[in-house]
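See below for the structure under consideration.
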Amino acid sequence: MAGNSQRRNRRTSNKKGMQVGSGGNRRRGLEGKGPTPPASARKGHKKNRVANAQAKQAVARRPAPRRGGAKGTSEMVVGRNPVFEALRDGVPATTLYVQQYIDNDERVREALQLAGERGNIHLMEAPRPELDRMTNGLNHQGLVLQVPPYEYAHPEDLTAAAYDNNEDPLIVALDGVTDPRNLGAIVRSVSAFGGHGVVVPERRAAGMTAGAWKSSAGTAARTPVSRVTNLTRALEGYQKAGITVVGLAADGEHTVEDLEALAGPVVIVIGSEGKGLGRLVGETCDYRVRISMPGGAESLNAGVAAGIVLYEVARRRA
């Protein structure tokens, strides 16, 4: 009995021994948590709910980013004269391939000089069999110029450029124009008369090739071209943005000089020389206009027709 009593006394003893501590947790819990955050940052507070609602409204008002435009395909300019002319006319290029042991005539020397002056064109020496393979056996004459893919603009980029300058959009859309030289000439006219760009369809139409770039006489560097999958849908998008779509047609109900709509925001649609506007594109146009031709010609080259209408628009806006 005495032993049991001693064990109970030891269990109920107040003697302090080794005990498990808190690891400082209780001490840290007593420390301050810094300054009280403002009401707008405290979850559940009325001002916090108001701030969150305002942030959501700001995001909703922010315009969605535009999609990047499509890219063309790379191409090669072959032959001594074509390569020289492309370099002289400012056609974008990444690499000039020169055949090993080539006859160093005047055209070769001039092409090398122009490429060197650009400063951003790589000069590569290659054996003739390699150049034959690259060009699929074309008569390259020892010179091949690599042209990078053209970066097309998005259709909305053209109107955005106009609004950024506080101007009414002036855009030319091409329906079935397949000659790159016509496209280049139209880009040149758009630039000359203060237009904001050109729209071309993806299929059955000329794109911005080296030939088109040459015909633009360098203006393609500052006049954007947009390539769209569906031209009719692109025109409808412009109409929803408040832009008048005017189609050029030999049997148009209005004449270019009489149409007042040309003084405002406008897209001018030009068809091919032989077939004119396609049916759906023609039906989409708000107006169809014709160019008066006292001489009796049936039609005009697409580039010439574009220049006449663009001049009339520029005259009205002056």
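The values are calculated or read from the model by the stated rules, or taken from the named source; none is laboratory data. From a predicted model like this one, the values you see are computed outputs, not experimental measurements. Every residue, glycine among them, receives a Cβ derived from its backbone with ideal geometry; neighbour counts consider all protein chains shown. Heads up: the accessible areas ignore ligands, DNA and RNA and are worked out on the full protein's heavy atoms, side chains in. Shrake-Rupley method; radii C 1.70, N 1.55, O 1.52, S 1.80 Å.
Structure notes:
- Considering each residue of segment 121-142 in turn, at least one proves to be farther than 24 Å from Met208 by Cα and polar (S, T, N, Q).
- Hits in segment 183-215 (condition: more than 26 Å from Asn166 (Cβ to Cβ) and of a type in the set (Ser, Thr, Tyr)): Thr209, Ser215
- The lone criterion from (1) surrounded by 19 or more Cβ atoms within 10 Å (Cβ to Cβ); (2) at pLDDT below 90 left unmet by Leu131 is number (2).
- Here segment 136-160 is the region considered, the condition is being over 23 Å from Arg227 (Cα atoms) and among the small types (Gly, Ala, Ser), and the residue that is least open to solvent (accessible area, probe 1.4 Å) is Gly142.
- Residue count for segment 274-295 satisfying the condition of being open to solvent by less than 60 Å² (accessible area, probe 1.4 Å), farther than 20 Å from Asp258 by Cβ and over 28 Å from the mean Cα position of the chain (by Cα): 0.
- Helices (runs of 4 or more DSSP H) contained in segment 177-273 and holding at least 2 residues open to solvent by 10 Å² or more (accessible area, probe 1.4 Å) and within 23 Å of Arg290 (Cβ to Cβ): 180-192, 231-240
- Taken as a whole, the structure places Arg118 among residues that are closer than 24 Å to Thr223 by Cα, open to solvent by 20 Å² or more (accessible area, probe 1.4 Å) and out of contact with any Cys (no Cβ under 8 Å at 6 or more places or on another chain).
- Filtered residue count, segment 161-176, keeping only those that are assigned to a helix (DSSP H, G or I) and open to solvent by 10 Å² or more (accessible area, probe 1.4 Å): 3
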